[in-house]
Amino acid sequence: MNRNLIIKCLIAALAFVAPASSNADDLLSAPQKIVIDAPRNRLLVSNDNTGDIVQIDSAGNQTYFLEGGGFIDGMEIVGDTVYGVCSGRKIKAYNLVTKELVMDIPFPGLSSNYLSSITSDSAGHLFISCPKLNEIYRLRISDQSWWLFAKDSGLNKPNGILLEKEKNRIVVIGDSPNPSSIYAISLTDSTVSPIITTSLNSPDGIVRDKYGYYYVGGFYLTALYMIDPNFSQPPAPFFPGTSMVYPTYDERDHSLLITHYSSGTWERVPLTTTGSSHVKQQDEFVMHPVSPNPAQSTATIKIELNRRMQTRLDVYDSAGTMVVLMVNEEKGPGKYSISWDGKNSFGNPVSSGMYYFRMTVNGATQTQKVMLMR
């Protein structure tokens, strides 16, 4: 993601906002991507305003890995090397131990045709997206040669990319206004195939967890979105927030690492709504499907709590905007039936469309959707 100078100036003015992770330091400036350097138990963050590479230790302390390293957008770690997108259509790489510059490759073309995201395969290649030219490049690390991997063929501003080795493809999300699409590109022959078209407004990043669920972030979105493993349903908002550009999945504790571009902060979002974690969560609370569905005026959600817990229930629209707060209190064990009258927090009826009940209990989240038909 590359935003204009006006946005950068506004962001710079917010440079002293305390980060969401409660760090005492504040070195992030329009942070974009987080990568996990597991052997050294730290995170690395790219910063669009400064190009500084900031490292965050296990206690949340921020220090510079490399001031002026040039990383402003996507990053990827392969072995002991971190690769990153730089301004001027460049890819640079640094040794994670010595900090030595080991790659500095310019891609011909206008600087305005910026590079964006990076992923890698197990054969020693990087894949790099260029939204404005509808291009994906493939770079061989061993000899630093590169070539055009995919172009056009339905691609519309390809941005965030991830590798799905078992499916022999990369998955790409388009950074375009509603509608935006998610594509699969074959690693064998570069064939581009659309997977799903969404109503998301210019999403930026996409990742997948170990249970196969996908998560989408974006500068212009007002929430993180989750998509089921088969892409059978449209993206559903599950974690509200602003300017969360590129989510990163941390398999070590089944969480997402996100940056807030506008406020210069970052945070960790626990994931307890998928796979085996969902089963474990149901030992403590259950959220049943909404009834009736579709609903004309009133929709009811039934929940079960197996012990006393802080409970919150919100209703969101399909754009990820909170419509109304239904419950925010400590509740004891038992079964509850909560009805929504189809009105927002101001008491005004909302329009027809898809809405989402989001239940958060002690930090764990579940979501159920309902179609409201007036």
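Nothing in this text is a laboratory measurement; each read-out follows from the coordinates by a stated rule. Here the structure is a predicted model, which is why all the values come from computation and not from measurement. Virtual Cβ from ideal backbone geometry, glycine too; neighbours counted across all protein chains shown.
Brief remarks on what is shown
- Computed over the chain: relative contact order in percent, which uses C-alpha pairs under 8 Å that are six or more apart: 10 percent
- Sorting the segments 353-361, 300-308, 159-167 by their residues' average number of neighbouring beta-carbon atoms within 10 angstrom, most packed first, yields 353-361, 159-167, 300-308.
- Contour minus Cα-Cα distance for E67 and N168 (0.36 nm per residue): 32.7 nm
- Restraint check, K99/K151; K99/K165; K132/K210; K92/K210; K335/K369; K33/K210, Cα-Cα greater than 25 Å: K99/K151; K99/K165; K132/K210; K92/K210
- Using R0 = 45 Å, the C-beta based FRET efficiency linking R140 and L325 works out to 0.30.
- Estimated distance in nm for a label pair at S190 and D26, the labels positioned 7 Å out from Cα along Cα-to-Cβ: 4.7 nm
- Label-to-label distance, nm, for residues given as K151 and S112 (7 Å Cα→Cβ offset): 1.9 nm
- For A223, the shell of other residues with beta-carbons less than 11 Å away shows a net charge of -1, using +1 for Lys and Arg and -1 for Asp and Glu.
- Once both labels are positioned 7 Å from their Cα atoms along Cα-to-Cβ, the gap between R252 and N41 label points is 0.8 nm.
- Here the contact order of the range 70-190, divided by its residue count and restricted to Cα pairs under 8 Å and six or more residues apart, works out to 15 percent.
- If the segment from K302 to H288 were pulled out straight at 0.36 nm per residue, it would be longer than the present Cα-Cα gap by 4.5 nm.
- GNM top mover of Y215, Y261, Y64 - the chain, alpha-carbon springs below 10 Å: Y64
- GNM on the chain, alpha-carbon springs under 10 angstrom: the most fluctuating residue among M326, M226, M244 is M326.
- Overall, the anisotropy analysis places the range 5-271 in the rounded class: the square-rooted eigenvalues a ≥ b ≥ c of its C-alpha gyration tensor yield a/c less than 1.5.
- Computed over the range 277-372, the convex hull of the alpha-carbon atoms projects to a mean area of 5.8 nm².
- Cut-off under 5 Å, modelled amide H: who pairs with D73 long-range: V85
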